[in-house]
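Report on the following structure.
The values are calculated or read from the model by the stated rules, or taken from the named source; none is laboratory data. On a predicted model such as this, the values are computed, not experimentally measured, just so you know. Positions of Cβ are backbone-derived with ideal geometry, glycine not excepted, and every protein chain shown enters the neighbour counts.
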Amino acid sequence: MVESNKEGMKHVKKWLLIIIALSLVLIAPAVGKRHQVEWDNRTYEMIMPYDEIEAWLQEEKEEDVWKQLKEAGLTTVSVEAETLESLGKSGRVLLIEMSEFKRMLIFANENVAHLPSRGLVVYPLDETFPLVSSLEAMFGDDVQATQANGKTYYIIEGNAKKIKRVPLGYDEMKIAHLIEQGLMVVLRIPDARDMNEASVHVLQQIEALKNEHTSKLLPTGEEVAGYPTDVTKWGEVWKEAGYALLSTEFYEAKGLTALAKAMDMHVVRLHSLNLEQRKPNEAVDVAIRAIKERNIRALFIRPYTSEEIAQNIEKTVSVMKQIVQHMPSHYTLGKSEPFAPIERSSIATIGFVIGATAFVFLAVRSLVSPMMASLAAGGALILGMAGTVLAIDLALKALALLVAIITPIYASKPSSVQEGWRGTFMAYGRAIAISFVGISWIVTMLYGNEYMAYVGEGFRGVKLVYVVPLVAMVVLVLPWIIREPLLPFMKRLWKHPITVGHVVLSLIIFALLAYYVLRSGNTGTASALELAARQKLEEWLYVRPRTKEFLLGFPAYLLALFVINKQKQLGAILLVVGTIGWLSMINTFTHLHIPLFISFVRTMYSLGLGLFIGIALIYVYKWVWKKVIR
């Protein structure tokens, strides 16, 4: 009976492997399409804000400033809607607080009737911006023209701070002048918190300003214009006009995701680089890494401002030139574009649903039991159908998370290992194959421009993938370490009195786990020595492999495979350490805004270096075993 069940399971396993192979064939075009779209989009641009350049233009010869910046690589200038605050800073209007204006009238022996108790007084200093019509359009009856000392002042009743920040409109003469300089223009969308009911005029002006030189929008502040009710409406208007949206890395204004979706994910990723906050060589490295590794196609350069104007220009231009000079040759400076649209085909959808279901069944059966395998596979199938047939995005993300958690566990725990080098290498190859199979489905499930451009939540299970497989692996191999079944051990442990030593040990384990989790992802920290080593690896290898993979996880895994038959306890402990390599490998590909090419190269470096270091570790172990232990 037992033999019959084994034969039946072998037959089932054979058919499940055939389904998995078929699935991989069906999803291959989708994976290839994503790589091609990423590879074809290799033009980046460098943007600077006009208000920063304006200070230079006031002190230096304008022609020389523009010449230096363009020679350094400047392609684009961002322009904000003018406000009374910006017009005051540029010297085009004089802003007077109401209390100060009243004192002026007293000293001038002037009498103006019906002055409001609070507000702002505006006096035009030039006519380069249509001030009066803009004030009337934005503030309506709250604007009052008043004569004093033979001059016309404009009094706006209300909160002076808020009045100063209300967007009045874009300076079309300024934009035209920038285009004449051979530069492109990015319009910065006002913050919804600064707008009033009449600000629709500014949003309509954005639509009218679209041309081949002005084709991108960059939100400012914490709330996108139109938030919370009209974001989709304006997104559709700007999409029809032909605009692309710039999305700033590590920052998302409220309403940005809705705006991006309304614009059909016509999005370009932007990295804001404040030169005052970094050393010059660090700023260059950060900029290049952003373009190369994170699908960034626009660099927003905030220049030096702390020294004299001439020195600030010189230092800023120097860094910009170095960015262009050290950028890999297959990237081109010019006009960035959104990624071409990609959509998963029905064939690929069928492929990953049936493939992931079969994979989950095999993995859980190998790790736990046939009953749990059936339940897990049924859950995977339900999630896949809900995500594809019912278009429930959360279901697909849940299925991707399930595969991302199961894959490193399945890869890490070998069913059996032959003794010697051949068995070690075969088991290592098996783990690599399992990992890439799981990765193929993850990148096919979470597929589309919103993931490449990292709009919205992306893949939210990164921390879970760092923790759950590790904990699961500890549970799976613990019987090997304690040399008894897990349940009796847990019952005995539960009844055992807690000592101070137990508490201290638990705190140490918790601290190590917390440190491990906090070090993971974009917010992780590293020592100065490790950062220097990472930089050298990147210089030598184009993209650096992950240290937790090639220095820790993979070498430990190879040694575990080599010793598992002789020293099961040591092998079990090393398998847990080795799991770090496989879960980190999976996590590399769940960062969906990183190009597939980069993730693949990084992983191959890790696997190769990990193999060589693992072989060296095995030789050290053999020497220690022969000369010391025995």
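If Q567 meets every condition in (1) under 17 Å from F436 (Cβ atoms); (2) free of Cβ contacts under 8 Å to residues at least 40 places away in the same chain; (3) of a type in the set (S, T, N, Q) apart from one, which number is that one?
Just one mismatch for Q567, condition (1).
Give just the number: which of (1) β-branched (V, I, T); (2) under 12 Å from A244 (Cα atoms); (3) part of a helix (DSSP H, G or I) does V186 not satisfy?
Among (1) β-branched (V, I, T); (2) under 12 Å from A244 (Cα atoms); (3) part of a helix (DSSP H, G or I), the lone unmet condition for V186 is (3).
Out of the residues in the range 42-61 meeting the condition of being not in a helix (DSSP H, G or I) and not acidic (D, E), tell me which one is surrounded by the fewest Cβ atoms within 10 Å (Cβ to Cβ).
Kept after step one, since they are not in a helix (DSSP H, G or I), are these residues of the range 42-61: 42-49, 60-61.
Next cut, not acidic (D, E) only: 42-44, 46-49, 61.
On the way: R42: 16, T43: 14, Y44: 26, M46: 21, I47: 24, M48: 23, P49: 19, K61: 10.
Going through the qualifying residues, I end up with K61.
Of E100, E110, E180, which residue is modelled with pLDDT of 90 or more and out of contact with any His (no Cβ under 6 Å at 6 or more places or on another chain)? Outline the logic, then answer.
Details: E100 fails: modelled with pLDDT of 90 or more; E110 fails: modelled with pLDDT of 90 or more.
It is E180.
In the range 200-218, how many residues are in contact with a helix residue (DSSP H, G or I) (Cβ under 7 Å, 6 or more places away or on another chain) and farther than 20 Å from V267 by Cβ?
Within the range 200-218, residues that are in contact with a helix residue (DSSP H, G or I) (Cβ under 7 Å, 6 or more places away or on another chain) and farther than 20 Å from V267 by Cβ number 1.
Can you go through A404, A395, A411 and tell me which one is closer than 30 Å to P555 by Cβ, in a helix (DSSP H, G or I) and within 23 Å of the chain's Cα centre (by Cα)? Before the answer, list the steps.
Details: A395 fails: closer than 30 Å to P555 by Cβ; A411 fails: within 23 Å of the chain's Cα centre (by Cα).
Sole residue among the options that is closer than 30 Å to P555 by Cβ, in a helix (DSSP H, G or I) and within 23 Å of the chain's Cα centre (by Cα): A404.
Looking at E136 and the list (1) crowded, with 17+ Cβ neighbours inside 10 Å; (2) touching a strand residue (DSSP E or B) at 6+ places or on another chain (Cβ under 8 Å), which single condition is not satisfied?
(1)
Failed condition for L259, given (1) of a type outside the set (S, T, Y); (2) surrounded by 23 or more Cβ atoms within 10 Å (Cβ to Cβ); (3) not in a helix (DSSP H, G or I), with all others met?
(3)
All but one of (1) buried (at least 16 other Cβ atoms within 10 Å of the Cβ); (2) part of a loop (DSSP other than H, G, I, E, B) hold for W238; state the number of the condition that does not hold.
With (1) buried (at least 16 other Cβ atoms within 10 Å of the Cβ); (2) part of a loop (DSSP other than H, G, I, E, B) applied to W238, the lone miss is (2).
Would you check if M184 is without any contact (Cβ under 8 Å) to a residue 60 or more places away in the chain, within 30 Å of S215 (Cβ to Cβ) and either assigned by TED's automatic domain parsing to the domain that holds K210 or β-branched (V, I, T) (or both)? Quick ask: steps written out before the conclusion?
Details: without any contact (Cβ under 8 Å) to a residue 60 or more places away in the chain: no; within 30 Å of S215 (Cβ to Cβ): yes; either assigned by TED's automatic domain parsing to the domain that holds K210 or β-branched (V, I, T) (or both): yes.
Considered against the rule, which asks whether it is without any contact (Cβ under 8 Å) to a residue 60 or more places away in the chain, within 30 Å of S215 (Cβ to Cβ) and either assigned by TED's automatic domain parsing to the domain that holds K210 or β-branched (V, I, T) (or both), M184 comes out as no.
Checking the structure you have, find out if any residue of the range 292-314 is more than 20 Å from A55 (Cβ to Cβ) and more than 19 Å from the chain's Cα centre (by Cα).
no
Kindly indicate whether any position in the range 463-479 is among the hydrophobic types (A, V, I, L, M, F, W, C) and not in a helix (DSSP H, G or I). Spell out the reasoning first.
At the first step, the residues of the range 463-479 found to be among the hydrophobic types (A, V, I, L, M, F, W, C) are 464-465, 467-468, 470-478.
Filter once more, keeping what is not in a helix (DSSP H, G or I): none.
Within the range 463-479 (the criterion being among the hydrophobic types (A, V, I, L, M, F, W, C) and not in a helix (DSSP H, G or I)), the answer is no, since none of the residues qualifies.
Does the range 437-467 hold any residues that are surrounded by fewer than 18 Cβ atoms within 10 Å (Cβ to Cβ) and either outside the structural domain of V353 (by TED's automatic domain parsing) or under 26 Å from A572 (Cβ atoms) (or both), and which are they?
Of everything in the range 437-467, those that are surrounded by fewer than 18 Cβ atoms within 10 Å (Cβ to Cβ) and either outside the structural domain of V353 (by TED's automatic domain parsing) or under 26 Å from A572 (Cβ atoms) (or both) turn out to be K463, L464, V467.
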